[in-house]
1. List pairs: first in the stretch 208-224 and on the phi > 0 side of the Ramachandran plot, second modelled with pLDDT of 95 or more, Cβ under 6 Å, 6+ apart or cross-chain?
2. So which of Leu118, Leu92 is more than 24 Å from Val218 (Cβ to Cβ), surrounded by fewer than 22 Cβ atoms within 10 Å (Cβ to Cβ) and of a type in the set (A, V, I, L, M, F, W, C)?
3. If I ask for residues that are among the hydrophobic types (A, V, I, L, M, F, W, C), in a strand (DSSP E or B) and more than 8 Å from the ligand (Cβ to nearest atom), which ones from the stretch 181-226 would you list?
4. Write out, first by first residue and then by second, each pair whose Cβ atoms fall under 6 Å of each other, whose residues are 6+ apart or on separate chains, and whose first residue, in the stretch 39-59, is more than 24 Å from Leu126 (Cβ to Cβ) and without any contact (Cβ under 8 Å) to a residue 40 or more places away in the chain while the second is more than 13 Å from the ligand (Cβ to nearest atom) and assigned to a helix (DSSP H, G or I).
5. Filter the stretch 3-39 down to the residues that are more than 16 Å from the ligand (Cβ to nearest atom) and among the hydroxyl-bearing types (Ser, Thr, Tyr), then identify the one that is nearest to Ala55 (Cα to Cα).
6. Can you tell me how many residues within the stretch 19-58 are aliphatic (A, V, I, L, M) and buried (at least 21 other Cβ atoms within 10 Å of the Cβ)?
7. Scanning the stretch 164-180 for residues that are within 14 Å of the ligand (Cβ to nearest atom) and outside any loop (DSSP other than H, G, I, E, B), which turns out farthest from Thr143 (Cα to Cα)?
8. Filter the stretch 74-95 for residues that are free of Cβ contacts under 8 Å to residues at least 24 places away in the same chain and under 15 Å from the mean Cα position of the chain (by Cα) and give the result.
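The values are calculated or read from the model by the stated rules, or taken from the named source; none is laboratory data. Predicted model only: the values in this text are computed from it and were never measured. Virtual Cβ from ideal backbone geometry, glycine too; neighbours counted across all protein chains shown.
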Amino acid sequence: MLTLNQAVHNLDELIKKVEFTRLQVSPHKIVQIIGVSKYNTSDDVALLYQAGQRAFGENKVQDLKEKQDALEDLPLSWHFIGTLQKNKINNLIDLNPILMHSLDSLDLASELDKKLKLKNKTMNCLLQINSSFEKTKAGVKPTDAVFIYKTIEEKYENIKLKGVMSIGANSSNKDDIVKSFRLTKEIFDRCDGATICSMGMSSDFELAILNGSTMIRVGSSLFKSN
Ligand SMILES: *Cc1c(COP(=O)(O)O)cnc(C)c1O
């Protein structure tokens, strides 16, 4: 079970590593930490909040709703980071996530935009890119990404694209992971107006920061209980 002491320790350790790494890139580089709470309880999130963490992410719409409801008195910002099924779009819109990281096709963008318009709302989104070319991963193909980014910006007014998201290559080879991050960063640089490059998780956030990440999504190492 997570305790407050452990939560403080985990967050301190993470911030130390993020600080050390970002300073190797530039003193002006800012990296935002999203605490991914998908394997944890609302009580654990409350402990991380007490430790100082404010931004959290969930990968299922139902779990996001449950955590938001349980923690509605805390000033948290909530991110959605999972694959969005079309039949859950309305539910997600109603939860007002501060950022949706996982817009992964033009088809989904079209449906999401249509439903946003009906509710007269907008949503901040990132285009998810499958930069490691893995069949099991969601995301648009790297070669199509800039075109799709522009198309969404032009056609789908209620989607506010803020940048890109990617999951590092699932590999024990550091070079493969770096390659996938560099590819995402190159695409990010070619998307006019993009300010958020969301990449890096517990096992690879340092490599991600060194290669251009501005937002990391950290679950297991932030919530670990020993
Ligand atoms: C689970 C998850 C994370 C966090 O993974 P950890 O390895 O636990 O840090 C980050 N991003 C996405 C999209 C996830 O699903």
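1. Short answer, once both residue conditions are applied: Gly212/Lys185; Gly212/Cys197.
2. Working: Leu92 fails: more than 24 Å from Val218 (Cβ to Cβ).
One residue alone meets the criteria, Leu118.
3. Quick first cut of the stretch 181-226, residues among the hydrophobic types (A, V, I, L, M, F, W, C) only: 181, 183, 187-188, 191, 194, 196-197, 199, 201, 205, 207-210, 215-216, 218, 222-223.
If we keep only those that are in a strand (DSSP E or B) too, we end up with 196-197, 199, 215-216, 218.
Ile196, Cys197, Met199, Met215, Ile216 - these are the residues of the stretch 181-226 that are among the hydrophobic types (A, V, I, L, M, F, W, C), in a strand (DSSP E or B) and more than 8 Å from the ligand (Cβ to nearest atom).
4. That search, which allows pairs on different chains as well, returns Ser42/Lys67; Ser42/Ala70.
5. In this case the residue turns out to be Thr3.
6. We begin by selecting, within the stretch 19-58, every residue aliphatic (A, V, I, L, M); these are 23, 25, 30-31, 33-34, 36, 45-48, 51, 55.
Still in the list and also buried (at least 21 other Cβ atoms within 10 Å of the Cβ): 34, 36, 45, 47-48.
Number satisfying all stated conditions: 5.
7. Ile177
8. Ser77, Trp78, Phe80
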